[in-house]
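The values are calculated or read from the model by the stated rules, or taken from the named source; none is laboratory data. All figures in this text were calculated on a predicted structure; none of them were measured in a lab. Note: ideal-geometry Cβ built from the backbone for every residue, glycine included; neighbour counts use all protein chains shown.
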Amino acid sequence: MRIQYDSDPTRPVEERPKASVARFDETIPATRHRSDVGCNFDHLVWRYEFPASRWFDGLELFRLDPGAYTDFHTHRADADVPLEQVLRVFSGRGVLRTERRDEPLGRFDHVAVPAGAVYQLGNTGTEPLWIGTWYSTGDNEASAESTLESGSETRGRAEYEQIMATRAERGLSTAPGDDGDDGNHVGSPNADRPEPAVEAFTDLQPKTRYEAPAVGCNADWLAWMSNFDELDRISDSSVMKLEPGEYTSLHTHFDNEGPHEEIYWVMEGEARLVTEYRDERMSRFDCAFFPTGNSHAIGNVGLDTLWVGAWGARGGVKGEFDLSDLEISERPGQTEEYERVMAARKKRGLPLPPNVEVDDR
C-alpha cells in the first residue's frame with residue numbers, strides 16, 4: 001500500500017506516549033516464604049514495575065514446583081481500597097482453592113478475583129506451574145494493608161482458621177495436619193463473600209482477527225477474548241496465537257476506549273514488538289505496557305507458535321464501544337493513525353512492512 005503524508009508525522013497534535021518493556025531475565029525474583037496461612041514451600045515471584053501506569057498497580061509472575069501451594073490470600077472488602085485481581089496460567093497444571101470449592105486449572109485458564117474474595121493456588125502437576133497476575137485499585141492508591149503477604153496481615157491467621165473450618169464443614173481438604181477445627185476460629189467467613197470466577201481456556205471459542213493491510217495485519221490470526229462482569233476496574237483479557245511471520249494490526253487505544261491501558265505478556269515463543277518509536281525483541285515471560293495513546297503491534301519472529309496474553313483496564317470508565325465488537329481497522333481513527341505512524345517510522349529510520357511505501361514531503 002502507498003501512503004501519502006504531507007505533514008510532519010513526528011509532531012502529532014499531542015505527543016504520543018511510549019511503551020515500556022520489562023524483561024524476565026533482567027528481573028530479580030523475590031522469595032515468598034512458607035507461612036502459617038497455607039503456604040507449604042518457599043517459592044519465587046518476579047515483580048514487574050510500570051510506574052507510568054494509571055490502572056495496573058502491580059504485576060507478578062510466580063512459579064510453583066509440584067506439590068507447592070501459595071498462602072490463602074484475601075483482598076478484603078474492608079481494606080482502605082478494595083483490590084481486584086486477575087490471574088492466568090502460563091504453563092503447568094494446578095488447582096484454585098477457596099473456602100467453598102476446589103477447581104482445577106490448566107494451560108491458559110483465567111481467574112478473575114473480585115475485591116473481598118479469598119483463594120489459594122497449588123501445583124497439582126509434574127512440571128513447574130507458572131502463573132501471571134496483576135491487580136488494580138482503579139484510580140486510587142492501594143493501602144499498605146491490602147498489599148501485604150497474607151501471613152503479615154493483621155487478621156491473616158484468624159481468617160485462615162475460619163476458612164479451614166468452613167472447608168472442613170463442606171468436606172473439602174484442609175492443610176496437612178489441620179483438621180479445620182482447633183477451637184481458635186471465631187464464627188464463619190462472610191457468607192456473602194464473592195468467589196473467584198474461573199474461565200477455562202478450552203471452553204472459549206476463538207475469534208478470527210482478519211488480515212487488514214490498512215492497519216498492518218498481514219494474516220488471519222486467532223484471539224480468545226474475555227470480558228469481566230465480576231470486576232469493575234479490569235475490563236478485558238485475551239490470548240493471542242500467531243504463527244511464524246504473522247503480525248497483529250498496529251493499533252492505538254485512544255481516550256474513546258475508556259481510557260484503555262494494555263499489557264502484553266509473552267507466554268510462549270519469540271516476538272517482535274513494533275511501536276512508533278522503536279522495535280524490541282521479546283522472549284518468554286517478557287512483559288510490555290502500553291499507556292493510552294500508544295501505537296503498538298506484535299509479531300512472531302520465531303520458528304514456533306507465539307502465544308501472548310493481553311489484559312486491558314479502564315479503571316471502571318466506560319468506553320464508547322466494545323473492543324470485541326469491531327475489527328481494529330473499523331475502530332475510529334485507527335487507519336489514519338497507522339498511516340501517520342508509518343510515516344513517522346520512515347522519518348526515524350525504522351523499517352516499514354514489505355507492502356508499505358510512504359510518500360512524504
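Within region 196-242, the residues that satisfy the criterion of being touching a Phe, Trp or Tyr at 6+ places or on another chain (Cβ under 6 Å) and of a type in the set (Val, Ile, Thr) are Val215, Ile234, Val239. Across region 238-272, the qualifying residues are those that are of a type in the set (D, E, K, R) and either in contact with a helix residue (DSSP H, G or I) (Cβ under 9 Å, 6 or more places away or on another chain) or in a loop (DSSP other than H, G, I, E, B) (or both), and the one among them that is surrounded by the fewest Cβ atoms within 10 Å (Cβ to Cβ) is Glu243. Could you tell me whether Gly94 is surrounded by 23 or more Cβ atoms within 10 Å (Cβ to Cβ), modelled with pLDDT of 95 or more, of a type outside the set (Asp, Glu) and not assigned by TED's automatic domain parsing to the domain that holds Val317? Yes; evaluated as a whole, the condition is true for this residue. Just to be sure before I move on: is Gly299 part of a strand (DSSP E or B), out of contact with any Leu (no Cβ under 9 Å at 6 or more places or on another chain) and modelled with pLDDT of 95 or more in the structure I sent? So Gly299 does not fit the description; no. When the residues of region 306-353 are filtered to those that are crowded, with 18+ Cβ neighbours inside 10 Å, among the aliphatic types (A, V, I, L, M) and not in a helix (DSSP H, G or I), the one that is nearest to the chain's Cα centre (by Cα) is Ala310.
Taking region 3-24 as the range and being small (Gly, Ala, Ser) and more than 25 Å from Phe56 (Cβ to Cβ) as the test, only Ser7 passes.
Scanning region 46-64 for residues that are more than 15 Å from the chain's Cα centre (by Cα) and either surrounded by fewer than 16 Cβ atoms within 10 Å (Cβ to Cβ) or under 30 Å from Asp360 (Cβ atoms) (or both) yields Pro51, Ala52. Filter region 19-49 for residues that are closer than 30 Å to Arg345 by Cβ, at pLDDT 95 or above and in a loop (DSSP other than H, G, I, E, B) and give the result. If the condition is that a residue be closer than 30 Å to Arg345 by Cβ, at pLDDT 95 or above and in a loop (DSSP other than H, G, I, E, B), then Ala19, Arg23, Thr27 are the ones that fit. Could you list all residues from region 1-17 that are in a loop (DSSP other than H, G, I, E, B) and surrounded by 14 or more Cβ atoms within 10 Å (Cβ to Cβ)? Once the filter is applied, which keeps residues that are in a loop (DSSP other than H, G, I, E, B) and surrounded by 14 or more Cβ atoms within 10 Å (Cβ to Cβ), region 1-17 yields Pro9, Thr10, Pro12, Arg16, Pro17. Against the conditions (1) touching a helix residue (DSSP H, G or I) at 6+ places or on another chain (Cβ under 8 Å); (2) farther than 25 Å from Ala310 by Cα; (3) modelled with pLDDT of 95 or more, Gly67 satisfies every one except (1).
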